[in-house]
Amino acid sequence: APSPTTAVPYMSVKCIDVRKNHHKTKWLMPWGPNHCKKLKDFDEAVSRQIEANDIVFAVHIPLPSKEMSPWFQFMLFIMQLDIAFKMDNDLKENAEITLDVSLAYRDNMFDDWEEIAHAIEIRKLKCTFGSPKTVESEGRHYDCDFLPFMEIGSVAHKYYLINIRLPVNDRKGINVGIGEIKDIRLVGIHQNGGFTKVWFAMKTFLTPSILIIMVWYWRRITLMTRAPVLLEKVIFALGISMTFINIPVEWFSIGFDWTWMLLFGDIRQGIFYAMLLSFWIIFCGEHMMDQNERNRLSGYWKQVGPIAVGSFCLFIFDMCERGVQLKNPFYSIWTTEVGTELAMAFIIVAGICLCLYFLFLCFMVFQVFRNISGKQSSLPAMSKARRLHYEGLIFRFKFLMLITLACAAMTVIFFIVSQVTEGHWKWGDITIQVNSAFFTGIYGMWNLYVFALMFLYAPSHKNYGDDQSNGDLGVNSGEELQLTTTITHVDGPTEVYKLARKEAQE
């Protein structure tokens, strides 16, 4: 697949709004047959006595002779201001710029523009000046951070138009002390159509495969004479959350203008993350072979509780950002000091918690391995058939535990990298390029992992005859050989559990 996203730079065109009384209904086009009257620079505006309030910065998306497509999925825009130093118009500390922004769309070059959103937004300017502020340095540009500008959750139309005004009001102190703004640049980021098609194809192919194994797995469990144990229920719940993330509802975004798809995608991923992290804790706990009473969800409240709280916090954070953007695409939580600190705190705390969780999981896996290794000492005393049976069980179990750790490590890395990638434009920091192989690889890995779990942990229905069961294997007639959990039940305990308990009693 091609890289997931493309960044396109746009330079705004300075238009003169000659009908300023009707500016709410008039859209100014930067080029084309009905283009606006343009200004080369602000020196020309001064010489022609054009006020700042009569200037509109216009950006047409996409560039000439191109058109947008629903396959692009979303549009994220970042703003960069070119501010020149002037002795008599210096940039104040903690300066704030007020933007009067409007967004419109149309689906062919001859239609009228239809408004999508209009807002008055305030952005904090974070700029540095490398040279001494003297007369000789006049005209040099400040080095300013990127500003979050706009995010839309669907690209349902072919053409978009952004009109930006910088209203000046000396009495109210609006746009005073922001330096001499020369130009406004935008960077538009959207998902690549080719990547979207590969992504949709993966989802469409994987949905039935997970659904089929889920039905097969649950049918196997219902055929048992006992009730399903905790681990079996949790594996089934994990399968449901994987199916929920797989169902390709994104196909509808090609035909419908569903701006909430980004938020819906985040919620789906959040549910899956919470389920996966909870499953790993319960999976290790159920194989601890200690004397604690297991097989109850209440026994894991200390571990699962913080995961639920963390997931809820991230959901609230997401609603504050993407939830508000459904009404106002220009809104960003990163625009205020409090919002930025909260957002950074959320991401840092989530990252630290994930790393601590991973260390705790490694410790639990180590304990399980140590317990099982201790039990292996009794294997040589067994008959050949029975020994081979147990060695197979233990090998399968160890293999699955190592795969679990690898899956956990990749998931933690993926979560942190995707958060950094999403935030790097907002922080004005270094760019991290995550290629499509990473996204599709992690997604495929989750599906394979859930598929393997249900396949390996489905109860076996192989019955062994009397002569064989009373001979080499030494297990009760008709007992089901399976690798599930460490709990005794009506059908008898599992093999790994029996081996561990017998050794513990001796």
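The values are calculated or read from the model by the stated rules, or taken from the named source; none is laboratory data. Model, not experiment: these values are computed from the prediction. Heads up: the accessible areas ignore ligands, DNA and RNA and are worked out on the full protein's heavy atoms, side chains in. Shrake-Rupley method; radii C 1.70, N 1.55, O 1.52, S 1.80 Å.
Some values worked out for this structure:
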| item | result |
| --- | --- |
| For the stretch 235-244, 3J(HN,Hα) per residue [Karplus equation, 6.51 cos²θ - 1.76 cosθ + 1.60, θ = phi - 60°, Hz, x = Gly/Pro] | 4, 5, 4, 5, x, 5, 5, 5, 5, 4 |
| Along each principal axis, Cα extent of the stretch 54-96, largest first, Å | 47, 23, 17 |
| Equivalent ellipsoid semi-axes - Cα gyration tensor, the stretch 25-64, angstrom | 21, 11, 9 |
| Distance histogram for the stretch 240-316 (every C-alpha pair counted, 10 angstrom bins, percent rounded to whole numbers) | 16, 37, 26, 14, 6, 1 |
| Distance histogram in 5 Å bins (all Cα pairs of the stretch 194-457, percent per bin) | 1, 5, 10, 14, 17, 16, 13, 9, 6, 4, 2, 1, 1, 0, 0 |
| Residues with amide H under 5 Å from that of Ile174, placed H, sequence gap 5 or more | Asn169 |
| Built amide H within the under 5 Å cut-off of Ile247, gap 5+ | none |
| Rotationally averaged projected area of the stretch 5-190 (alpha carbon convex hull; nm²) | 11.5 |
| Equivalent ellipsoid, the stretch 303-360 (semi-axes from 5 times Cα gyration tensor eigenvalues, Å) | 26, 13, 7 |
| Prolate/oblate/rounded label for the stretch 235-275 (Cα gyration tensor, a/c 1.5) | oblate |
| Two-decimal Rg/Rh across the stretch 147-208, once Rg and the Kirkwood Rh are taken from alpha-carbon atoms | 1.23 |
| Globularity ratio of the stretch 165-292, using Cα Rg and 2.2 N^0.38 Å | 1.79 |
| Amide H contacts of Thr5 (H built 1.01 Å from N, under 5 Å, at least 5 apart or other chain) | Asn192 |
| Convex hull volume per residue in cubic angstrom - Cα atoms of the stretch 115-223 | 241 |
| ³J(HN,Hα), Karplus 6.51/-1.76/1.60, whole Hz, each residue of the stretch 167-178, x for Gly, Pro | x, 10, 9, 4, 5, 8, x, 8, 6, 10, x, 9 |
| Distance histogram in 10 Å bins (all Cα pairs of the stretch 329-396, percent per bin) | 17, 24, 16, 14, 12, 11, 7, 0 |
| Phi-based couplings in Hz for the stretch 407-415 (Karplus 6.51, -1.76, 1.60; Gly and Pro marked x) | 4, 5, 4, 5, 5, 4, 4, 4, 4 |
| Cα-based Rg / Dmax (Å) for the stretch 1-94 | 17.0, 53 |
| Relative contact order for the stretch 205-284, counting Cα pairs under 8 Å that sit 6 or more residues apart, in percent | 38 |
| Surface share of carbon and sulfur [accessible, 1.4 angstrom probe, percent] for the stretch 5-190 | 49 |
